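Written out below as structure tokens is the structure these notes cover.
The values are calculated or read from the model by the stated rules, or taken from the named source; none is laboratory data. Here the structure is a predicted model, which means the values were calculated and not measured. Every residue, glycine among them, receives a Cβ derived from its backbone with ideal geometry; neighbour counts consider all protein chains shown. Note: areas computed on protein heavy atoms with side chains; ligands, DNA, RNA excluded. Shrake-Rupley method; radii C 1.70, N 1.55, O 1.52, S 1.80 Å.
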Amino acid sequence: MATATEVPVRLDFDAHAPAFAKALSHLDNAATKQLDQVDFDHRLRELVRIRASQLNGCAYCIDMHTKDARAAGETEQRIYALPAWRETPFFTARERAALAFTETVTQLAQTHVPAGAYAEVAAEYSADEIAALVALLVAIHAWNTVGVSTRTWVPGTYEL
């Protein structure tokens with residue numbers, strides 16, 4: 001039987017930057033309020049968080065949001081297919097637009113979010129919904145930045 005590899009914490013970010021950690025939680029809460037105001041699907045919120053976290057390589061966030069997605073009623077099949085969502089029939093046009101936008105925004109330095117990518121999401125979502133999606137992406141990217149750079153949270157330790 002293979003043994004797990006320990007990935008050591010580099011920095012206890014919450015302890016060393018408590019004011020910022022609190023502000024990041026407030027940012028996340030503000031994004032959630034925006035999503036609630038436009039009635040953005042709870043399962044899709046988690047899929048967006050998972051996909052961004054996959055692209056950013058944040059193991060803790062992937063673990064957390066797959067658990068949250070299941071709790072929100074998301075299926076195992078769609079969670080497992082997320083890295084290859086374009087190749088599956090499991091996602092609606094609306095979900096595909098959100099996932100495509102998630103990828104182009106997450107890869108901002110390479111994509112610069114081209115007009116076509118914005119037009120694709122705008123064809124499925126209102127301006128208020130797009131703003132809420134951008135707020136969600138800003139929040140998850142901030143969490144991913146902290147998680148990947150400091151490894152402050154141990155993957156597998158998140159509980160609902």
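With r defined as the distance between the Cβ atoms of Asp12 and Asp128 and R0 fixed at 41 Å, what FRET efficiency is calculated, to the nearest 0.05?
Plugging the Cβ-Cβ distance into 1/(1 + (r/R0)^6) gives 0.65.
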#### Entry: Leading residue at positive end of dipole, the range 1-108 (Cβ point charges), from Leu108, Ala93, Leu24
Ala93
### Query
Which ³J(HN,Hα) values in Hz, rounded to whole numbers, follow from the phi angles of the range 36-53 under the Karplus curve 6.51 cos²θ - 1.76 cosθ + 1.60, where θ = phi - 60° and Gly and Pro get x?
5, 4, 9, 6, 6, 3, 5, 5, 5, 4, 5, 4, 5, 4, 5, 4, 4, 5
#### Entry: Using θ = phi - 60° and Karplus 6.51 cos²θ - 1.76 cosθ + 1.60, couplings along the range 118-133 (whole Hz; Gly, Pro as x)
5, 4, 5, 6, 5, 6, 10, 10, 6, 4, 5, 5, 5, 4, 5, 5
### Task
Take the alpha carbon atoms of the range 12-45, find their center, do the same for the range 76-102, and report the distance between the two centers in whole angstrom.
23 Å
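When the helices in the chain are scored as -39500 (n - 2.57) per DSSP H run of 4 or longer and the sum is shared across all residues, what 222 nm value do you end up with, to the nearest 500 deg cm²/dmol? Working shown, then result.
On the way: 9 runs with 108 residues, N = 160.
My calculation for the chain gives -21000 deg cm²/dmol from helical runs alone.
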### Query
To the nearest 0.05, what FRET efficiency results for His26 and Val113 with a Förster distance of 22 Å applied to their C-beta separation?
0.30
### Projected-area average for the chain over all orientations - Cα convex hull basis, square nanometres
10.7 nm²
## Note on the structure
To the nearest Å², the heavy-atom accessible area per residue of the chain with 1.4 Å probe amounts to 54 Å²
### Message
From the phi angles alone, apply the Karplus equation (6.51, -1.76, 1.60; θ = phi - 60°) to the range 63-79 and give each ³J(HN,Hα) in whole Hz, x where the residue is Gly or Pro.
### Response
4, 4, 7, 5, 5, 5, 5, 4, 5, 7, x, 5, 8, 4, 4, 6, 5
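When the accessible area of the range 22-160 is split by element with a 1.4 Å probe, what percent falls to carbon and sulfur?
Heavy-atom surface of the range 22-160 belonging to carbon and sulfur, 1.4 Å probe: 56 percent.
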